[in-house]
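The values are calculated or read from the model by the stated rules, or taken from the named source; none is laboratory data. Not measured: the values here are computed from a predicted model. All Cβ positions, even for glycine, are placed from backbone atoms using ideal geometry, and neighbour counts span all protein chains on display. Note: accessible area is taken over every heavy atom of the protein model, side chains too, but ligands, DNA and RNA are not part of it. Shrake-Rupley method; radii C 1.70, N 1.55, O 1.52, S 1.80 Å.
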Amino acid sequence: MKIAVLQYNAGNTYSVVNALCRLGVNPVLTDDIELLGDADKVIVPGQGAASQAMQYLRDHRLDQLLVTLRQPVLGICIGQQLFCQHSDEGNVDCLQLIDAPVHKFVPTHPDQKIPHMGWNSLHNVQGPLFDGIHEGDFVYFVHSYFVPQCPYTIATCDYIHPFSAALQKDNFYATQFHPEKSGKVGERILKNFLDL
């Protein structure tokens, strides 16, 4: 099985590669259009700013490629946000694969810190990505922007207000949290993606 991890203008890609290696998979880290198109599965990981990430995708014609992929694709953190319509971060149009916006968290209480960082629980989990995952299982988040709940939400989390912890539309899956940093729960989610 050929797994491609997208190398682009975002951090944390090597953590995903290492997590896949622990599952016995040797992925290729690349921004090569042919390698990505030929892969059995593609992962779009990362931490960073939406506007800079989208600029890299456009400069390398990866935006055109990603929207045409028919194999399973997993977006992680900024990857989830890039799948959406538009991000408030940099006021940038994204890949528009999923009809949902990306908004910035606005604290309503002094104790609410931005970014939302650390372990939080999943709720309303559904679909094959969450096979074996239970209501209330904890995963690791680091983000200042979020996707509201929408028809494509397959898991929720609550910080300041409920938001989409994961999304799915057709062959595109996405998590706002970092499965590669989420212990056994995250490992199972990555394995579920590989098994799709």
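Values for this structure:
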item: Residue count, region 102-118 (criterion: open to solvent by 100 Å² or more (accessible area, probe 1.4 Å) and either touching a Pro at 6+ places or on another chain (Cβ under 7 Å) or within 19 Å of GLY75 (Cα to Cα) (or both)); result: 2
item: Enumeration of residues in region 119-169 that are more than 15 Å from the chain's Cα centre (by Cα), of a type in the set (A, V, I, L, M, F, W, C), more than 22 Å from GLN85 (Cβ to Cβ) and open to solvent by 30 Å² or more (accessible area, probe 1.4 Å); result: TRP119, VAL125, PHE138
item: Members of region 67-85 found to be touching a residue at least 60 places away in the same chain (Cβ under 8 Å) and not in a loop (DSSP other than H, G, I, E, B), listed by number; result: VAL73, LEU74, GLY75, ILE76, ILE78, GLY79, GLN80, GLN81
item: Filter result for ASP111 (acidic (Asp, Glu), modelled with pLDDT of 95 or more and in a loop (DSSP other than H, G, I, E, B)); result: no
item: Region 28-55, subset of a type outside the set (Val, Ile, Thr) and crowded, with 21+ Cβ neighbours inside 10 Å, residue farthest from SER87 (Cα to Cα); result: ALA39
item: Any hit, region 56-63, residues being under 24 Å from SER182 (Cβ atoms) and either crowded, with 17+ Cβ neighbours inside 10 Å or among the hydroxyl-bearing types (Ser, Thr, Tyr) (or both); result: no
item: Region 170-184, residues that are open to solvent by less than 20 Å² (accessible area, probe 1.4 Å), within 18 Å of CYS94 (Cα to Cα) and outside any strand (DSSP E or B); result: GLN176
item: Selection within region 20-49 - touching a His at 6+ places or on another chain (Cβ under 9 Å) and closer than 24 Å to SER182 by Cβ; result: PRO45, GLN47
